[in-house]
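Comments concern the structure below.
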Amino acid sequence: MKKKNPLAAKRMKTLPLHLMILPGAILVFVFSYLPMFGLVMAFQNFSPAKGFFGSDFVGLANFRYAFKIPGFWQIVYNTLLISILKIILNIVVPVIVALLLNELISTKFKRTVQTVIYFPHFLSWIILAGLFIDILSPSEGIVNTIIRFFGGNPIYFLGDKNWFPYSMVFTDVWKEFGYGTIVYLAALTSINPTLYEAAEIDGAGRFKQTLHVTLPALAPTILLMGMLSLGGILNAGGTVSASGSSGFEQIYNLYSPQVYETGDILETLVFRLGLGNGQYSVATAIGLIKSAISCGLMTFGYWLAKKTANYEIL
Amino acid sequence: MNKNLTRPRKVFQVINVIILAILALLCLLPLLNLLAISLSSSSAVTTGQVSFWPVDFTLDSYKFVLEKPEFYRAFGISVAKVFVGVPLNMLMSIMIAYPLSRTKAEFRARNAYMWFFLITMVFSGGLVPWYIVISKLGLIDSFWALILPVAVPVYNVVILTNFFKGIPKEIEEAALIDGATYWQVVWRIFVPLSKAALASIMLFAIVNHWNSWFEGLILMNRPENYPLQSYLQTVVVNRDVRLMTSQNAAFITTVSERTSRAAQVFTATLPVLVVYPFLQKYFTTGVVLGGVKE
């Protein structure tokens, strides 16, 4: 472009861009940044009557209190166990299914399977809670009817504390595995076909081709998805996705007091303390630690992704 | 290609088709079971005769549900939420994504804005401060509490920005030299060229609005302001006893708590089921743009 009075001209030129982005920026400021100032209450003995400016500062007392909540470390353990199992299975299962889909000859069948297995992703955890509470019910649910038919004892998937964490992992995999195949299928289409031809000339069968050509080609995507999942590890959420299937939405709607011991996660604890018990400051303190650690892990994950896979989010 | 398959390859194909068919059925059968329950009489359901096909077919559970004012009021609020919230989401996504898709040379503040939005994906003030801000704005029990806090879908902005970046510079340069404003470039060039990406983020926006329940449950004090999913949360998950107190004598033999719950869950699924096929062909674009880039 022309270069007369460059600075002023440039300002004038970019002004419409600022104006365009402004409404969204204001909304984000109000609903995401203003609450961040509220984090100050983690260091206060906050009471709604006194407000942020009137409540007393108590230093780190809320954090010390949180760590001493009975079962706090059990909750951290539950969160990590559910998270890690979800992250692993939500990578392994979609990769295998993507490989199987990729081997199909009939594109019509392939498309039908894809249509069906992507669908559960779009259902809310409310809908799915309604669904799973019904089909997993020990007395009348279809799953236990089938188990009984084969002579087994009914299993209380959602009410037995030994089963509960695994029920969370399996129901989440059920919801997300199909959708998870999308990124791997996309990566599979970008593999150079000459690699397969070369492998075939070298005498590799289909299985060996999968092992030595396909999997190495998928490795960056697999690593990437794993690293991007790191940030969500304290949410018991599993994978990253648009409709952010957080562990909270799932567990809050499926758990009950008899499985708190193994099913309670950090976010459900924050919710119960904050909105249930009115322990605003303690809830916020726990949320703050969680957010800070997640933030660190996420940054680390993205840094690793950029280093190894040259990935940039924007 | 079919003809020169070797024998083991053929066996593999057959096994593969069977495995994938089973997986697809595993996704489908729970929903079919629920549909069958909602369409069966309560006596057939109680005696355990219903699996994947309705027994003693009846639409009474649906009639019962639709006669509940709470249900269709909540349904109406959810529909309104989609019709107001989704256009706003799209407008915000487009208006933020275009400036963000400029190069740093063209728009110097681009990176600052980018971090401003991205940070909110990772860091938040947490539940209690968020609630306090919204209540100080006087939005508790207001319809706008379901719209404004989720007006900017940052993930969708990321997808769209990445898509906009891929649009060749030459097209807009020509327009800008001809005197078009940025605003015109966005609506006359970028939007028409981004139909696939817009369709995919629109699907995400619709589904997010339709599925969200937490805001409704927390920010609405009065149950009559609940959107559908929040209402369902109280009746399906918490097994609200109110469900059966209003029970009409006409339905007592054909509708039970279980069939009515199934009918409500299914009715709430229906809108997603209806939009899904139309937008399905587009959403892979969005997922790939948002998740993995080359």
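Here, each number is a calculation from the coordinates, and none is a lab measurement. Since the model is a prediction, treat every value here as computed from it, not as a measurement. Neighbour counts are summed over all protein chains in view; Cβ atoms, including those assigned to glycine, are modelled from backbone coordinates with ideal geometry.
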Along the stretch A:150-163, what does the Karplus equation 6.51 cos²θ - 1.76 cosθ + 1.60 (θ = phi - 60°) give for ³J(HN,Hα), rounded to whole Hz, x for Gly and Pro? 8, x, x, 8, x, 10, 8, 4, 9, x, 9, 5, 6, 8
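Quote the charge dipole size of the stretch B:69-224 about the Cα centre in Debye, to the nearest 20; the model charges only the Cβ of Lys and Arg (+1) and of Asp and Glu (-1).
It comes to approximately 220 debye.
Explain nothing, just the number: dipole magnitude of chain A about its Cα centre with +1 on each Lys and Arg Cβ and -1 on each Asp and Glu Cβ, in debye rounded to the nearest 20. Numbers along the way, then the final one.
Values: 22 positive and 15 negative charges, 298 e Å.
Using only the charged Cβ atoms, the result is roughly 1420 debye.
In percent, how large is the relative contact order of chain B, given Cα pairs closer than 8 Å and 6 or more residues apart? Present the calculation step by step, with values, prior to reporting the outcome.
Working: 292 pairs, mean separation 85.5, N = 294.
Once divided by the residue count of chain B, the mean separation gives 29 percent.
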Charge dipole (chain B, unit charges on Cβ, about Cα centre) - positive-most of B:Ile167, B:Pro30, B:Ser212: B:Ile167
For A:Gln44, what residues show an amide H to amide H distance below 5 Å, using hydrogens built from the backbone and excluding near sequence neighbours? A:Val58
Give me the angle, in degrees from 0 to 90, between the Cα long axis of helix B:195-211 and the longest principal axis of the Cα atoms of chain B, rounded to the nearest 10. 40
Enter the Cα centre distance for the pair the stretch A:182-209 and the stretch B:14-81, rounded to the nearest angstrom. 42
Using the per-residue mean of other Cβ atoms lying within 10 Å as a proxy for protection, in what order, highest first, do the peptides B:222-230, A:266-274 fall? A:266-274, B:222-230
Please build a GNM for chain B, connecting alpha carbons under 10 Å apart, and tell me which residue among B:Phe123, B:Phe64, B:Phe12 fluctuates the most. B:Phe12
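Rg/Rh for the stretch B:69-224 to two decimals, with Rh computed the Kirkwood way over all alpha-carbon pairs. Show your work: numbers first, answer last.
Values: Rg = 18.1 Å, Rh = 17.4 Å.
Across the stretch B:69-224, the Cα-based Rg/Rh ratio is 1.04.
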Over all distinct alpha-carbon pairs, what is the Kirkwood Rh of chain B in angstrom? 22.7
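To the nearest 20 Debye, how big is the dipole of the protein assembly as shown about its Cα centre, given +1 on the beta carbon of each Lys and Arg and -1 on that of each Asp and Glu? It would help to have the intermediate numbers written out before the result.
On the way: 46 positive and 30 negative charges, 335 e Å.
Once rounded to the nearest 20, the dipole reads 1600 debye.
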Starting from 0 in steps of 10 Å, tell me what percent of the Cα-Cα pairs of the stretch B:84-139 lands in each bin. 19, 32, 37, 11, 0
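Could you tell me the calculated FRET efficiency between A:Thr112 and A:Leu80, based on Cβ-Cβ distance and R0 = 41 angstrom, to the nearest 0.05? Kindly include the intermediate steps, with their values, before the conclusion.
Numbers: r = 38 Å, r/R0 = 0.92.
My answer for the efficiency is 0.60.
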Modelling each spin label as a point 7 Å along the Cα-to-Cβ direction, I'd like the A:Ile293/B:Ala21 distance in nm, to one decimal. 4.7
Cα gyration tensor of chain A, axes a ≥ b ≥ c as square roots of the eigenvalues: rounded (a/c below 1.5), prolate (a/b > b/c) or oblate? oblate
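Can you tell me the order of A:191-199, A:216-224 when each peptide is scored by its average per-residue count of other Cβ atoms within 10 angstrom, highest first?
Working: A:191-199: 12.7, A:216-224: 16.9.
Highest-to-lowest ranking by the protection proxy: A:216-224, A:191-199.
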Would you be so kind as to identify which of A:Leu234, B:Ala268, A:Leu188 lies farthest towards the positive end of the dipole of the protein assembly as shown, taking Lys and Arg as +1 and Asp and Glu as -1 on Cβ and the Cα centre as origin? A:Leu188
Of A:Thr171, A:Ala198, B:Ile140, which is farthest along the charge dipole of the protein assembly as shown in the positive direction, counting Lys and Arg as +1 and Asp and Glu as -1 at C-beta? A:Ala198
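Taking every residue in B:129-137, how many Cβ atoms of other protein chains lie within 10 Å of its Cβ, on average? Walk me through the intermediate numbers first.
Working: counts 16, 7, 5, 9, 9, 4, 1, 2, 3.
Mean number of neighbouring Cβ atoms from other chains: 6.
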Per residue of B:114-124, how many C-beta atoms from partner chains lie within 10 Å of its own C-beta, taken as a mean? 6
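Arrange the peptides A:292-298, B:161-167 so that the one whose residues have, on average, the most other Cβ atoms within 10 Å appears first. Let's see the in-between values first.
Working: A:292-298: 16.4, B:161-167: 19.0.
Order by mean packing, descending: B:161-167, A:292-298.
At R0 = 30 Å, how high is the FRET efficiency between B:Thr46 and A:Phe150 if r is their beta carbon distance? Nearest 0.05 is fine.
Details: r = 22 Å, r/R0 = 0.75.
That gives a FRET efficiency of 0.85.
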At 222 nm, what value in deg cm²/dmol follows for chain A if DSSP H runs of at least 4 each add -39500 (n - 2.57) and the sum is divided by all its residues, to the nearest 500? -20500 deg cm²/dmol
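Are there GluC sites (Glu not before Pro) in the stretch B:31-106 that DSSP marks as loop and that have at most 14 other Cβ atoms within 10 Å, and which are they? Spell out each step's value before the answer.
Numbers: sites: B:Glu67, B:Glu70, B:Glu106; in loops: B:Glu67, B:Glu106.
Those satisfying the criteria are B:Glu67.
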Across the protein assembly as shown, what fraction of all alpha-carbon pairs, as a whole percent, falls in each successive 20 Å bin from zero upward? 18, 50, 29, 4, 0
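Which FRET efficiency value, to the nearest 0.05, is calculated for A:Phe37 and A:Ala217 with the Förster distance at 45 angstrom and r the Cβ-Cβ distance? All intermediate terms of the calculation are to be shown ahead of the outcome.
Values: r = 47 Å, r/R0 = 1.04.
In this case the efficiency is close to 0.45.
For peptide B:21-29, what's the mean number of Cβ atoms from other chains within 10 Å of each residue's Cβ? The partial results should precede the final answer.
Details: counts 4, 0, 9, 9, 1, 5, 11, 4, 2.
So the per-residue partner count for this stretch is 5.
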For the stretch B:219-226, 3J(HN,Hα) per residue [Karplus equation, 6.51 cos²θ - 1.76 cosθ + 1.60, θ = phi - 60°, Hz, x = Gly/Pro]: 8, 9, 7, 9, x, 6, 9, 5
